[in-house]
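Shown next, in structure tokens, is the structure this report addresses.
The values are calculated or read from the model by the stated rules, or taken from the named source; none is laboratory data. Model, not experiment: these values are computed from the prediction. As a convention, Cβ positions derive from the backbone with ideal geometry for all residues, glycine included, and neighbour counts pool all protein chains shown.
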Amino acid sequence: MFVAIRNTPRDYAWGSHTAIAEFRGVEPSGSPEAELWLGAHAGSPAEVVEPDDAGAADLAELIAANPALALGPAHAREGARLPFLLKVLAAARPLSLQAHPTPDQARTGFGREEAEGVPIDAFDRNYKDPFAKPELIVAVSESFEALSGFRRRDEVRGVLDALRTADAASPEPQPGALDLLASRLDGPDGLRESVGWLLQDGRGDDSGEAAWLVERVTALAASDAALDSPYAASFRTVLDLAEEYPGDPGIVISLLLNRVTLGRGEALFLDAGNIHAYLSGLGIELMAASDNVLRGGLTPKHVDVPELLEVLDFTPIEPPVLSPVEAAPGVLEYRPAAPDFTLFRVEGADDAARIALAGPAIVLAEGGDVQVAGAHGSIAIARGEAAFVSPDEASLAFGGDGVAWVATVPPAQG
């Protein structure tokens, strides 16, 4: 079964005014367009282009009508639920610092808030469902900028040294501000203590020590000494964040994180506990279908500091770049360590460019037309258009001059 689907981009304020429209080959709407959702998520299920033919108005309704056909083996694992959500994401401004829970944390947190009677749409609700929310982002623009995971300790020391050099060269040095952070970072749980202190003391209080540190770091980031240092990109990010969120403690937290630039086709995998923020760029994002987000600054939304500290993984890491593997000629697969999804990029009309389906799929065309054929049917989709594919199509063959992005589930393990 092939079903053409479409949706309206989400108009979050951080979105680009042009990038998603250009990807789709349509005129810009005049409003910010942040995310194009292609899935069955209740917040914005994709519309069925020909509802009379499909017998459903949207993808969620289509799946609910015959989950065994629509989901195949995934039906047994997930019930009547598409386990992934595909997005086109276009960030013109930084998103919030955030992290996502493990499956156990999600189940426990959701159960706790349900038992406490916290309304599902309450401002201070943390867990909207009992599912984890790992994410994969692949750069479509020439560069995609992000923060992801805590830096190695030696890099954090390097950032502090650059700030101390800038402070010493300033007309009125204030080394005490940097000492506030350095003394906390030197402890056995230095990252946890520092992040907790910044978020608890630095939000809503512009007269305390944390606020002083944020103000001082922001000023030093603009200095020649900082911008000539090896960490210039991180300091430019500080200035960008300060312009969007002046005084926010997330400005300082950003310096503790890996500053990542992805080239086109490069990817990040954001597993549970990874604190991250997208800064700018256009990407294909694939995630588990969940709304569980614990925020950590750079946002007017709810920040539950104790819960965030429980979810965060404070282990320093290298940037979690995920390299694709060649699954077949013209076919690259981005397969993270996640049970809910895998992503293929298909380019060219080679007969060998085939994908074997282990479950439902969504195909999105980039840059031109894409033809897709399976065991029982076929579909042609134009640039920026998408289609849902049921698993009984078994093996997909591709043609056309466009690139096909295929979101699906990996084969079941064991």
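Residue-wise test of (1) surrounded by fewer than 23 Cβ atoms within 10 Å (Cβ to Cβ); (2) without any contact (Cβ under 8 Å) to a residue 40 or more places away in the chain; (3) aromatic (Phe, Trp, Tyr); (4) not in a helix (DSSP H, G or I).
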residue: PRO188; (1), (2), (3), (4): yes, yes, no, yes
residue: LEU199; (1), (2), (3), (4): no, no, no, no
residue: TRP212; (1), (2), (3), (4): yes, yes, yes, no
residue: ALA225; (1), (2), (3), (4): yes, no, no, no
residue: PRO246; (1), (2), (3), (4): yes, yes, no, yes
residue: SER254; (1), (2), (3), (4): no, no, no, no
residue: ALA272; (1), (2), (3), (4): yes, no, no, yes
residue: ALA277; (1), (2), (3), (4): no, no, no, yes
residue: SER280; (1), (2), (3), (4): yes, no, no, yes
Go through segment 232-287 and count every residue that is under 26 Å from ALA106 (Cα atoms) and of a type in the set (D, E, K, R). 2
Here the residues within segment 94-130 that are in contact with a helix residue (DSSP H, G or I) (Cβ under 7 Å, 6 or more places away or on another chain) and within 30 Å of LEU255 (Cα to Cα) are PRO94, LEU97, ALA99, PRO101, GLN105, ARG125, ASN126, TYR127
List the number of the failed condition for SER290; all other conditions in (1) surrounded by fewer than 21 Cβ atoms within 10 Å (Cβ to Cβ); (2) within 16 Å of the chain's Cα centre (by Cα); (3) of a type in the set (Ser, Thr, Tyr) hold. (1)
Can we say ASP392 is free of Cβ contacts under 8 Å to residues at least 60 places away in the same chain, among the acidic types (Asp, Glu) and on the phi < 0 side of the Ramachandran plot? no
Quickly run through segment 349-389 and pick out the residues that are assigned to a loop (DSSP other than H, G, I, E, B), surrounded by fewer than 24 Cβ atoms within 10 Å (Cβ to Cβ) and touching a residue at least 40 places away in the same chain (Cβ under 8 Å). ALA349, ASP351, ALA353, LEU357, ALA358, GLY374, HIS376, GLY377, ALA382, ARG383, GLY384, GLU385
Do you know which of the residues in segment 386-414 that are among the polar types (S, T, N, Q) and closer than 12 Å to GLY72 by Cβ is farthest from the chain's Cα centre (by Cα)? SER390
Would you mind stating whether SER183 is in contact with a Ser or Thr (Cβ under 6 Å, 6 or more places away or on another chain) and either without any contact (Cβ under 8 Å) to a residue 12 or more places away in the chain or in the same structural domain as VAL88 (by TED's automatic domain parsing) (or both)? no
